Amino acid sequence: MPGFPSRAAAGLFMSLLYMNQTNTFHPSQRVLLGPGPSDVPARVLQAMAAPTLGHLDPEYLKLMDETRAMLRSVFRTENELTLAMSGTGSAGMETVAVNLVEPGDAAIVCINGVFGTRMKDVMERCGARVHAIEVPWGETIPAEKVAELLKAVPEAKVFTIVHAETSTGAHQPLEEISRLVHDAGALLIVDAVTSLGGLPVEVDGWGVDACFSGTQKCLSCPPGLSPVTFSSRALARMDARKTKVQSWYLDLSMIRNYWGADRLYHHTAPINMTYALREALAMVLEEGLENRIARHCRNHLALRAGLEAIGLKFIPQHSLTTLNAIHAPEGVDEAAVRHRLLHDYGIEIGAGLGPFKGKALRIGLMGSSSSRRNVTLVLAALEEILGRSGATTAAAAAYGS
Ligand SMILES: *Cc1c(COP(=O)(O)O)cnc(C)c1O
């Protein structure tokens, strides 16, 4: 290197240059009120820092069994085939698709936002002949449309629907649709990524055949695992397959043997992530599912009262309690609002997607993030940024104080 007096000096220069990259990473402490991830309690993060065990260590196998039992409680199911797939919520989506669909099968896919659209793509990649039920973003799927299409496509093998459409905040009722789907002889697949642990998800009660979720939304665990559960009807469908599951990694016919009594190695489990999930599930069960659902409801209503008090309007008619999608106020740059929330207050919220790009704000109140403290904080920050007042007063009134 010309200009340097010696190799030693050049070496010192290079090590100074790389120092920033080899130092520990110190992320800022945020308040995560976006569409996921949500805030992770210290207890869950600490669980991840425990010593890594081998994936066949008896202690780890015991932890897997405990985790499955807890997942059954949270999914409200007795389904034997209940486990956590390696990967985020989308891995759960692909798992149900690749295991339940064979090339040429007819599938009905409901689309009212990003995640129904994604499911259609996934189904098509499995070779399904997809028939879509589409309604405008922000709306829910009406039972009449479901009945109509089931009649038109009597050969439909699977029917997919998003319980909590995170891209629009729409909350989809499922009970009547479940009845229609079963009467038509199809399997009901439900995306519960933004509802599990925050809204009622009654896998057995509603007759859901395959359900998947993610760890980083209402379970308040870091992203990385995808809880899934399959009914005996779904299991029978898998056992009757004529073709191999197209994905080696997500093939439940093999993964079942690792989570089951055989303990056959398939792929190395994300050990420390499972510690985190177990801890997060313990927190759900300690709080009690019903109390947790009530907390999400209470904080949503207070946030709603506050947002409406400053003139902000909700997008969906039937809103989730875990995700609040509102129209960006007239004449306000929504990106600038999000930027100020993050930089001045450390609060992350989400932007609009698809037809709502640049036109919506999405405030998640998921898991640990759903708290009275966060509701008041985000409302006060919005009052300041938008130059309006009354939101925190309305929220306080909604809490009954
Ligand atoms: C977040 C989300 C997903 C995808 O989950 P990832 O963890 O991002 O892979 C799927 N469906 C819904 C409804 C979601 O909110």
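Brief remarks on what is shown
- Per-residue ellipticity at 222 nm, computed for the chain from helices alone with -39500 (n - 2.57) per DSSP H run of at least four residues, works out to -13500 deg cm²/dmol.
- In a reduced charge model with +1 at each Lys and Arg Cβ and -1 at each Asp and Glu Cβ, the range 122-176 shows a dipole moment near 280 debye about its Cα centre.
- Residue among ALA269, ALA261, ALA143 with the largest mean-square fluctuation in a Gaussian network model of the chain, springs linking Cα atoms under 10 Å: ALA261
- Per-selection Rg to Rh, the range 97-150 - Cα, Kirkwood hydrodynamic radius: 0.99
- Probing with 1.4 Å while keeping every protein chain in the model, the per residue accessible area of the range 42-286 equals 38 Å².
- Listed residues PHE115, VAL101, PRO51: farthest to the positive end of the dipole of the range 49-123 (Cβ charges): PHE115
- Per-peptide average of other Cβ atoms within 10 Å, ordering 310-323, 121-134 highest first: 310-323, 121-134
- Peptide packing for 214-225, 108-119 was compared via the average number of neighbouring C-beta atoms within 10 Å per residue; ordered from the highest value, the list is 214-225, 108-119.
- Protein accessible area in the chain, 1.4 Å probe - carbon and sulfur %: 55
- Shape category assigned to the chain from the gyration tensor of Cα positions, a/c cut at 1.5: oblate
- The GluC sites (Glu not before Pro) of the range 26-78 that DSSP puts in a loop, and whose beta carbon has at most 15 other beta carbons within 10 Å, are GLU78.
- Taking a ≥ b ≥ c as the square roots of the Cα gyration tensor eigenvalues, the range 21-119 comes out oblate, since a/c reaches at least 1.5 and a/b does not exceed b/c.
- Overall form of the range 152-267 per C-alpha gyration tensor (a/c, 1.5; a/b vs b/c): oblate
The values are calculated or read from the model by the stated rules, or taken from the named source; none is laboratory data. No experiment lies behind these values; they were computed from the predicted model shown. Backbone-built Cβ (ideal geometry, glycine too); neighbour counts: all protein chains shown. In case anyone asks, the SASA skips ligands and DNA or RNA and just uses the protein heavy atoms, side chains included. Shrake-Rupley method; radii C 1.70, N 1.55, O 1.52, S 1.80 Å.
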